[in-house]
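Right, one structure below, let's go through it.
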Amino acid sequence: MLELQGVTKRYSVFPAVDNVSFVVKPGEVLGYLGPNGAGKSTTIKMLAGLLEPSEGRILYQGREIRKDLYSFRRRLGYIPEQAEIYPHLSGLDYLLLVGRLREIPEDILWDKARAFLKVFDLDADRDNAVGSYSKGMRQKILIAAALLHDPDVLLLDEPLSGLDVTTGLIIRDLIVRLAGEGKIIIYSSHVLEVTEKLCSKVIILYQGKIVADDSVANLRTLMKLPSLVEIFSQLTAQTDTDALARDIVAVMKG
C-alpha cells in the first residue's frame, strides 16, 4: 500500500501541493488529474523521492519512504513528464545503463533489453543514438526503462505523450494487465477519456488541493454529470471552451 498523509510542498511561501492525503492499494490504478500548475507533477516527484515534502509523510507498506529511499526506489518504476534521457546513447545502451544501475544480472539484462526493443518495434534502431529518435520512440524507451526491473509501484506522468494511437492502446492494455498482477499504479494524464476507462478511482487537484477523490461512477452520480471531462471542467473552474473557440473564430474572421 502507498499512502500520502497530509503532504504539502512549498516553494517559498506558496504551496504547490497543499495537505494532500490518499491511499493506493495493490491492483489499483489511481488517476491523478488537474489543470497545469495544479501540483500533479510535484506530487509524483515527491513520490519518486526526487523532492522532499515540506510537511507530511509518504509511506510504502507502512514505512516512510525516506527512511530507506534506496530500497523503495528498487521497487519503483517512474515515467517522467519530461524525457530526461542521454541523447548520445543508443536505445540499447540506455536500457543497459538503467539495468546496471538497477543491478539486474548481466545475462538477464541483455535478454530483457533486446526483448523490450523488439516488442516496442525499436529493434532496427537499437544502435542509433536516442537523440535521433522521434518523441514517440523516446517515450517507448522511457517506458521500457521503467518496466525493466519488474517494479511493484509505477508512477506514470503523461505516459502516452508522443505515442501513436496503436502504441497508446497497447500501453492502456498493459496498465490493466499490470494492475491485475497487483501493481500499485498512479496515472497522471490530460487525456481524460483514457483515464476514465482505465482508472479504479480518480483524484482531481485544483490549486494544490484535492477537490475530488472517488470512482468516476460515483462522481458522475453525485455531480449528475455524464463524463469525467464535464466533472473535471466543473471542479477546476475551467474556461468556457465553446465560448473561447467562438472568440478565436471571430478573431480569424477579423
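Bear in mind these aren't lab numbers, they're just calculated from the coordinates by the rules spelled out. What you see is a predicted model, and the numbers here were worked out from it, not measured in a lab. Because the Cβ atoms are built from the backbone with ideal geometry, glycine has one as well, and the counts that use them run over all protein chains shown.
A few points about this structure:
- Mean ellipticity per residue at 222 nm, deg cm²/dmol - from DSSP H runs of n ≥ 4 across the chain, formula -39500 (n - 2.57): -12000 deg cm²/dmol
- Electrostatic tally near Arg63: other residues with Cβ closer than 15 Å to its Cβ, Lys and Arg +1, Asp and Glu -1, net +2.
- DSSP-assigned coil residues among trypsin sites (Lys or Arg not before Pro) in region 165-254, each with at most 13 further Cβ atoms within 10 Å: Lys224
- Of the residues Ile143, Ile248, the one with the fewest other Cβ atoms within 10 Å heads the list, and the complete ranking is Ile248, Ile143.
- Normalised by the number of residues in the chain, the average gap of Cα pairs under 8 Å and 6 or more apart makes the relative contact order 26 percent.
- Listed residue (Phe116, Met1, Ile185) projecting farthest to the positive dipole end of the chain, Cβ model: Met1
- Per-residue Cβ neighbour counts within 10 Å put Thr42, Thr166 in the sequence Thr166, Thr42, beginning with the fewest.
- Cα-Cα over 23 Å, subset of Lys25/Lys201; Lys40/Lys183; Lys45/Lys140; Lys25/Lys118; Lys25/Lys197: Lys25/Lys118
- The region of the chain that goes longest without hitting one of the GluC sites (Glu not before Pro) in a DSSP loop, each with at most 13 other Cβ atoms within 10 Å, is 1-83.
- Counting neighbouring beta carbons within 10 Å and listing from fewest to most, the residues Ser132, Ser188, Ser200, Ser161 come out as Ser132, Ser200, Ser161, Ser188.
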